[in-house]
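Laboratory data are not the source of any read-out in this text; all were calculated from the coordinates shown. None of the values given here were measured: they were computed from a predicted structure. Note that each Cβ is placed from the backbone with ideal geometry, even for glycine, and that neighbours are counted across all protein chains shown.
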Amino acid sequence: MFPARFRIAAAAALSLLACAPATAGNNEDKTDVLGTWSFQTRPYRDGECLMTGTMNLSPHPDKGKYTCELTAVEVCSLWGRSVVRQSCQASRFGNQVSIRSQIEEMLESKVEGLIYMPDNFTLTIESADRMFGALVSAVTAPAEFRRANDGVS
């Protein structure tokens with residue numbers, strides 16, 4: 001068979017491989033939610049409205065919490081387009097993310113005196129670049145968040 005020194009060397013190499021992390025070469029945390037996301041709801045209000053937008057999640061001093069900012073663009077055939085800048089706080093519980101918003105500024109509104117409710121979301125992290133869940137505001141609608149791609153200009 002093999003001389004003893006080869007068996008010892010092979011055993012040492014195998015033990016080093018066993019200690020190596022399974023994700024060697026892949027330092028990306030699949031559940032890291034920091035950064036910029038784009039989102040879109042499914043149509044709601046009998047198909048009359050749709051919301052799209054962007055959200056940026058930043059670190060917060062408290063574990064499991066994030067500071068965020070989002071801009072929502074709601075287009076409704078009933079009353080036109082609204083663009084709303086909102087600040088938000090996000091909390092994470094395992095693979096669940098809860099976003100609670102506060103309106104900072106109505107950037108655009110077609111209807112005078114329109115009452116716009118803050119856009120809150122309840123999401124499940126599905127991968128490093130996708131979260132899925134629901135808009136929970138004046139209405140409820142399925143919502144998908146995708147990690148924004150930082151292009152080179």
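In this structure, the amide hydrogen of Arg130, modeled 1.01 Å from its nitrogen in the peptide plane, lies closer than 5 angstrom to those of Arg147, counting only residues at least 5 positions away or on a different chain.
Note that segment 126-138 has calculated 3J(HN,Hα) couplings of 9, 6, 5, 10, 8, 10, 9, x, 8, 6, 10, 9, 5 Hz, one per residue in order, obtained from phi through the Karplus relation 6.51 cos²θ - 1.76 cosθ + 1.60 (θ = phi - 60°); glycine and proline are x.
Within segment 35-147, the ratio Rg/Rh, alpha carbon atoms throughout and Rh by Kirkwood, equals 0.97. Let's see if you can work this out: charge +1 on each Lys and Arg Cβ, -1 on each Asp and Glu Cβ, no other charges. What is the dipole magnitude of segment 35-147 about its Cα centre, in debye to the nearest 20? Computed about the Cα centre, the dipole is about 340 debye.
Could you calculate the FRET efficiency of Arg45 with Gln89 from 1/(1 + (r/R0)^6), where r is the beta carbon distance between them and R0 is 22 Å, rounded to 0.05? Efficiency, rounded to the nearest 0.05: 0.25. For segment 47-71, the residues whose amide N sits under 14 Å from a probe point set 7 Å from the Cα of Ala138 along the beta carbon direction are 48-51. Neighbours of Arg146 by Cβ distance under 11 Å: Lys/Arg scored +1, Asp/Glu scored -1, total -1. Spin-label model, Gln96 to Arg146: label points 7 Å out along the Cα-to-beta-carbon direction sit 2.7 nm apart. Label sites at Glu105 and His60, each approximated as a point 7 angstrom past Cα along Cα to Cβ, lie 2.3 nm apart.
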